[in-house]
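Below is one structure; the comments refer to it alone.
The values are calculated or read from the model by the stated rules, or taken from the named source; none is laboratory data. Everything numeric in this text was worked out from a predicted model, so none of it was measured. As a convention, Cβ positions derive from the backbone with ideal geometry for all residues, glycine included, and neighbour counts pool all protein chains shown.
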C-alpha cells in the first residue's frame, strides 16, 4: 500500500513556513505520510486581493505580534531566529531554485537550508551567492540549481504551483492539501493535516 | 499567594472566540490561572484599518477555509456548529450585556451561553429576546442584564475594554494578555498564554 501524501505549499518569504518546514519531515514520518514539497509565491495571491506587501507590514499591530510570536515559538522549539534584511523576503530565486530540485526528499532538504539561511541566519536569499551556498551546504549542487532556476520550464513549473495553490483555495502559507483535497492553513494546522491524511482525524458530519 | 490572571479579550462576532470560550475555564483551571473575561468590539479596530466588515467576508478564500476549519475543530471537540443568520454577528448587545455582569465566573458563564446561542444554535444574538433567554438559561437575570446593557456606564465600560485591547496591541479575537503584558492571539495560542501566565513557558532570550 502506498503511503498517503500531503502537499505542502511553502513560501520562502513566510515566517510560519519557516516554522513548519523545520519540523515537517519529522512529523510526517511519525504520521506515516509522504510530503510533496511545493514552493509557490504568495505575492500574486496577495496582489489579486489588493495587497502590495505582506499583511504583517500593512497591519502593524498584527506584524508586531507575529514577530513576538515567532520569537516565542522559536525559543520553545530551540530554533534560531534572525530577522532578514528586508521583509517580506524577496523569495523568487529561492522558490525557483527549489522548484528545480526533482526529488522530494532533496527538495525538503533544500527548503530547510534556505529557510534556515533566511530566518535562522537573517541572510538575503534574493542573493544567488547565498542561495548557492545554502544549497551546497544541504549536499546539493547549488551552482547547477541556481542556473536551472532561470530556465523557462522551471519558471513555468513555479507559476503552475501557484496556480495549483489558488485552485485548492490557498490564501496564505504554509498550506497543506491532502490527497482528497482538504485544505489546512498554517503551521498550527500541520498536525490536523497529517491526521486527515492518514485517516485518524475526526471528520465533520 | 494570588493566582496569576489572564485577561481574555473576546468578541461575540468571532468564531474562534466561540472555540476558545467553550474551553477556557477548564484549561485555565488546569493551569492554575484565573480568567478575566473582557468582552470587546473588533468593529472599531477593523474600521480603523480600513475594513468595513470581517476579513472572512473581505477575503472569500480565507472565509471559506475558516468555516471548514471551524467544522473540523468543532467535530473534533464535540461542539455544535450552526452558522448564525448573519455574519459577522451583530455583537453589540451581547457585549454590553456581558459587560454588565460583575462577577468574572458569572461573566464566563454568560459568555459561553451567548456563544452557544450564536454559533452552537445559530441564533441571532442581536435580538434581546435571544440574549435574555440565553442569560436566563445560564442562571443569570437576563431581563435585568439586557436592561443594564443600555446604561451609560455599561456602554462606557465596553468602550474602555476596546480601548484597553487596542493599548495592549490587540488586532483580532480572541486575544489573551498576561499580567506582564504579553499578548497572544487566537484559540491556537491559549495554551501558550496560560503557560506564560503560570510561569512554565520557555521565554525568548
Quiz item: at pLDDT 95 or above, farther than 30 Å from residue A:62 by Cβ and touching a helix residue (DSSP H, G or I) at 6+ places or on another chain (Cβ under 9 Å), is that true of residue B:126?
Solution: no
Can residue A:132 be described as surrounded by fewer than 19 Cβ atoms within 10 Å (Cβ to Cβ) and free of Cβ contacts under 8 Å to residues at least 60 places away in the same chain? no
Expected single match for touching a residue at least 40 places away in the same chain (Cβ under 8 Å) and in contact with a strand residue (DSSP E or B) (Cβ under 7 Å, 6 or more places away or on another chain) among A:88, A:44, A:39, A:84 is A:39
>> With the structure loaded, tell me whether residue B:45 is farther than 28 Å from residue A:202 by Cα and within 14 Å of chain A (Cβ to nearest Cβ) or whether it fails that test.
In response: yes
Picking from A:172, A:139, A:108, the residue that is on the phi > 0 side of the Ramachandran plot and in contact (Cβ under 8 Å) with a residue 24 or more places away in the chain would be A:139
Selection over region B:61-90 where residues are within 11 Å of another protein chain (Cβ to nearest Cβ) and either more than 25 Å from residue A:195 (Cβ to Cβ) or assigned to a helix (DSSP H, G or I) (or both) yields a count of 16
From the option list A:66, A:70, single residue qualifying as modelled with pLDDT of 95 or more, surrounded by 16 or more Cβ atoms within 10 Å (Cβ to Cβ) and closer than 15 Å to residue A:115 by Cα is A:70
Here, helices (runs of 4 or more DSSP H) confined to region A:91-205 with at least 1 residues that are under 20 Å from residue A:24 (Cβ atoms) and within 14 Å of another protein chain (Cβ to nearest Cβ) are A:152-167, A:190-197
Residues in region B:29-44 that are assigned to a helix (DSSP H, G or I) and within 15 Å of the chain's Cα centre (by Cα) total 1
Exactly one of A:53, A:7, A:15 is within 24 Å of residue B:176 (Cβ to Cβ) and away from chain B (no Cβ under 11 Å), and that one is A:15
